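Data first, discussion second: the structure below is written as structure tokens.
The values are calculated or read from the model by the stated rules, or taken from the named source; none is laboratory data. Owing to the predicted nature of the structure, the values given are computational and were not obtained by experimental measurement. Neighbour counts are summed over all protein chains in view; Cβ atoms, including those assigned to glycine, are modelled from backbone coordinates with ideal geometry.
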Amino acid sequence: MKHQTIDQLHDIAEVHFEPTHAPMTRTQRLERWAELLEQNPDRRLGALSGTEYQPVVLRGTMRGNGSPLSVAFDDPLLRAEGLKDDTYGEAKRFFEVTDWQLHEIVCHCHVGATMQASRAARCVRAAIGGRFNILARLRAMFL
């Protein structure tokens with residue numbers, strides 16, 4: 001058998017790469033994020049300021065070093081699954097969460113400038129089942 005490079009094989013055959021595993025589901029992606037946060041539950045993470053008051057375009061670009069979003073983006077597995085950066089908008093798209101769910105996870109109005117990773121993990125887990133606190137539900141109803 002003669003060894004050939006992939007480029008050489010492309011010249012004589014149609015080469016397809018099969019994924020080694022099925023893409024992660026929404027629940028699996030959120031579980032992974034929660035697990036990453038739980039690895040260091042006392043870690044202080046930066047919160048994003050006033051996510052609910054920002055125009056949609058600006059909200060989508062919000063990010064912060066050392067935030068719960070950056071914990072997710074630091075993970076090679078989540079990046080391989082398609083997480084492109086650590087912005088609010090990308091997290092909303094990738095994790096398939098609503099603005100109110102993501103607000104509960106990352107916004108400063110609940111925790112101040114920083115939060116414990118364990119708190120963020122609880123909020124991520126709440127988003128798996130679509131649960132979020134009563135105050136957020138009331139805001140969603142009236143806004």
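Descriptive notes on the structure:
- Among (1) free of Cβ contacts under 8 Å to residues at least 12 places away in the same chain; (2) more than 13 Å from the chain's Cα centre (by Cα), the one test that ALA80 misses: (2)
- When ASP11, ASP42, ASP75 are checked against the criterion of being under 22 Å from ALA126 (Cβ atoms) and either exposed (fewer than 15 other Cβ atoms within 10 Å of the Cβ) or of a type in the set (Phe, Trp, Tyr) (or both), a single residue qualifies: ASP42.
- Qualifying residue in the range 92-109 (condition: under 19 Å from GLU38 (Cα atoms), β-branched (Val, Ile, Thr), in contact with a Leu (Cβ under 6 Å, 6 or more places away or on another chain) and crowded, with 22+ Cβ neighbours inside 10 Å): yes
- Residue in the range 135-142 that is surrounded by 13 or more Cβ atoms within 10 Å (Cβ to Cβ) and either at pLDDT 95 or above or among the basic types (Lys, Arg) (or both) present: yes
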